[in-house]
Structures are given as C-alpha cells and as structure tokens.
Amino acid sequence: MADRHVEAVPGALPGWAREVTRLTVLTGAGVSTDSGIPDFRGPSGIWTKNPAAEKLSTYQAYMGDSELRRRSWQNRLAHPAWAAEPNPAHLALAQLALSTIDTQVITQNIDGLHQRAGTPPGRVIELHGTMFGVVCTGCGDRTAMADALARVRAGEDDPPCTRCGGILKSATIMFGQALEPEVLERAAAAAAGCDLMLAIGSTLIVEPAASLCAVAAEAGAALVIVNRDPTPYDMVATAVIRDPIGTAVPRIASQLLAASRA
C-alpha cells in the first residue's frame, strides 16, 4: 500500500482528526532523536553501529557479567539524555495533553522528555521505566540515579545496594524482563479507550508495546503512524506519515486542536 499522507490537499483537515475527544499516543525512540538521543535500529542507531551494545540492555547478561555492568555504569554517566532538551514533537504533544482533548502518552522511552516538555506526569505511561531511578535486583529498594552516578564518579565502578549489597540496575525494563503488569494494563486501557492512536517514531516490532496499535484499531480507533520507515502495522493504519517527526507532529497537533475548537 502506498504511503498515505496527512494532507491530501495542503491545508485540508484530515477526517481522522475530526471529533477526537480521547487521544492515545505511543512514542518510540524516534521522537527523541531531534533532542540528540540516538535511536536503536535506525541507520545511525546504537545497535546498528554496534550490535554488541544490545547486550548492555539484556538482563541475563547484565546480571552475570561484572565487566559488562562496569561498562553499563560508564555508559550511564555519558548518556546524551542528561543534556537533552524537549524538541518540537515533545512540546506539541504536551500542548495536546493540556488541551480539552483527553490525551494519554504511552512511551517506550526512558528519557523523561515528555514530562519535561509539560505533559503532566499522570498522563505519561512509561512502558520501559525511567533512567532517573535505580532499583536493587536483590531487595527491590529504589533510589535516585543521580546518587548512584555520584558513587561511580567517586570511584565505585559497580556500586552495590547500600541496603543489602545486591546488584543495582537502572529502573528500566531490559530485554529478558517482563513489563510491570499494572503499567501494561494502564497502557492497554488507554489504547482500547481512544478515538485516535498516534504511533510516533517506533519501529513497532517490540512487543507487547507494538500490539497496542492492534488493540486500538480493533476497538474502532483510527490509527495514524508517523515513522520514517515501514512498520508491520502500516497496512492496518488509517494514515501513514513519512515526514520528519519534528514537523509532522506539530502539524498534527495543530490540526487536532483546530478540530477540537470547531
């Protein structure tokens, strides 16, 4: 199927943008690339350039290899997200979340940029957790990432839990770990209850996040995909948009806001 773009006629309001009262947005790594955070599988993606780097995000490898954990802590210190700022796509989605349109943002990202852009935290569902927290794999104690990184800078190359001595990891979901059931339940409810789902900057190949598109479509919602490359859900989408995310998302937000005021 050929790509279907938002504006068949320049300036026209697409049918799927009309009468939207409940919006659910699913965002992947592509929404943050304009903020200087590389994606994973794109042409310049972290895993494309260095396939071995995927091991750093694999739970079993992380738990069983102390050298890998030391490299992981150094990577956390240098993560580009610490210096990243929300980009126009984040800001446009925050506008929608603060509007009369009931908006939920489900994100596969761990960078907190949706909240920093102004989307209320209660409207952001972080499927894969957050890089701003640390969890002990032994006792489950949760602490701030900033505190753990301060210990690494002070010379602890693989800082243990201060409560039980267990292995610490970022409070994110790694490969080999299941999503938190209550988080997935919230996301599924948001997908099933919307009029429109926007899937932005995701390859839609990582499950169960990708299947939320099917949940929305099967519940009768329009599905609009904004992504540079084809996805497995393009054939069931109402519209597929290949325009750059930084221009497409603000345009879509403007269209939705205009329709809500009409």
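The values are calculated or read from the model by the stated rules, or taken from the named source; none is laboratory data. Just so you know, these numbers come straight off a predicted model, no measurement behind them. Here the Cβ is made from the backbone with ideal geometry for all residues, glycine too, and neighbour counts use every protein chain on show. Side chains included, ligands, DNA and RNA excluded: accessible areas come from the protein's heavy atoms. Shrake-Rupley method; radii C 1.70, N 1.55, O 1.52, S 1.80 Å.
Quick notes
- Residue list for segment 205-233, restricted to those being part of a helix (DSSP H, G or I), more than 18 Å from residue 15 (Cα to Cα) and not hydroxyl-bearing (Ser, Thr, Tyr): 212, 213, 214, 215, 218
- Flag if residue 133 is part of a helix (DSSP H, G or I) and within 18 Å of the chain's Cα centre (by Cα): no
- Selected residue (only one of 178, 144, 150 is open to solvent by 60 Å² or more (accessible area, probe 1.4 Å) and of a type in the set (A, V, I, L, M, F, W, C)): 178
- There is at least one residue in segment 193-202 that is assigned to a loop (DSSP other than H, G, I, E, B), at pLDDT 95 or above and acidic (Asp, Glu).
- Exclusive hit being outside any loop (DSSP other than H, G, I, E, B) and farther than 28 Å from residue 178 by Cβ, set 81, 94, 61: 94
- Evaluation of residue 139 against the conditions (1) touching a Lys or Arg at 6+ places or on another chain (Cβ under 8 Å); (2) under 27 Å from residue 83 (Cα atoms); (3) not aliphatic (A, V, I, L, M) shows that the sole unmet condition is (2).
- Test: residue in segment 105-115 that is open to solvent by less than 30 Å² (accessible area, probe 1.4 Å), among the small types (Gly, Ala, Ser), part of a loop (DSSP other than H, G, I, E, B) and modelled with pLDDT of 95 or more: yes
- Condition met for residue 19 (in contact with a helix residue (DSSP H, G or I) (Cβ under 9 Å, 6 or more places away or on another chain) and at pLDDT below 70): no
- Boolean, residue 81 is open to solvent by less than 10 Å² (accessible area, probe 1.4 Å) and under 23 Å from the mean Cα position of the chain (by Cα): yes
- For segment 153-175, the set of residues classified as outside any loop (DSSP other than H, G, I, E, B) and open to solvent by 30 Å² or more (accessible area, probe 1.4 Å) consists of 153, 160, 167, 175, listed by residue number.
- Criterion violated by residue 148 - all others in (1) within 28 Å of residue 21 (Cα to Cα); (2) in a helix (DSSP H, G or I) satisfied: (1)
- Under the condition of being more than 29 Å from residue 174 (Cβ to Cβ) and surrounded by 21 or more Cβ atoms within 10 Å (Cβ to Cβ), the residues counted in segment 200-233 number 2.
- Of all residues in segment 234-256 being open to solvent by 20 Å² or more (accessible area, probe 1.4 Å) and either part of a strand (DSSP E or B) or aliphatic (A, V, I, L, M) (or both), the one that is nearest to residue 89 (Cα to Cα): 245
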